[in-house]
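Chemist: Handing you a structure now.
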Amino acid sequence: MKNIKNIIEQLSFENEDFEAEALNYDESLYTDPERLENFIQNRNVISTNADLSLLRNELNEFYAKESKITPDEIKTVYLALKNREKHPRGYFDKAGRFYVNDSDLIDVRAPSAKYPYSQMQAARTAKFVKALAHKYRVQSLSELKKVAFSEP
């Protein structure tokens, strides 16, 4: 599986409360495979040892991958965002404030009436693009574009 949230979504089909609890848990749950495995085991969403073994293999495979993106590829995506050729993934609320999808990767004020684009500006930086590549462990420029850009 390409990312940990996909694993959690797959497990959530059988247990709706599990997804809500997992997505509200602190971010370290997604960076430590043993902690995530224990979290899942303790909530009894996996019924067989074979399923647990499969999950363990998927987690180890995911965490073993490192991003193979080059600085030039990061620069390509950064420049597209900076020059407003492409837009970061996120959404506008009814008041016109923009919220980036991966807000855990930025450290800026929440959007407000006075500063509605604070997160959008932060999502147009090279630092943010590099953090996206690391978080999703992207392996190619096309994967990086997929996680960085909003849909057309």
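Since every read-out is calculated from the coordinates, none of them should be taken as a lab result. Just so you know, these numbers come straight off a predicted model, no measurement behind them. Every residue, glycine among them, receives a Cβ derived from its backbone with ideal geometry; neighbour counts consider all protein chains shown.
Chemist: Which translational diffusion coefficient, to the nearest whole µm²/s, is obtained for region 71-148 from the Stokes-Einstein equation, given a Kirkwood hydrodynamic radius over C-alpha pairs, 10 °C and 1.306 mPa s?
Modeler: It comes out at roughly 126 µm²/s.
Chemist: Output wanted: per-residue J couplings in Hz (rounded whole) for region 130-140, from phi through Karplus 6.51 cos²θ - 1.76 cosθ + 1.60, θ = phi - 60°, x for Gly and Pro.
Modeler: Calculated HN-Hα couplings, in order: 5, 5, 4, 4, 6, 4, 8, 6, 5, 10, 8 Hz.
Chemist: List, in the order given, every pair from 114/146; 68/146; 86/114; 75/135; 94/127 whose Cα-Cα distance in the structure shown is over 27 Å.
Modeler: Pairs exceeding 27 Å: 114/146; 94/127.
Chemist: Which order do the peptides 66-72, 138-144 take when ranked by the mean count of other beta-carbon atoms within 10 Å per residue, highest first?
Modeler: Final packing ranking: 138-144, 66-72.
Chemist: With just the Cα atoms defining each centre, how far is region 91-118 from region 129-152? Give it in Å.
Modeler: If we compute the Cα centre of each part, the gap is 20 Å.
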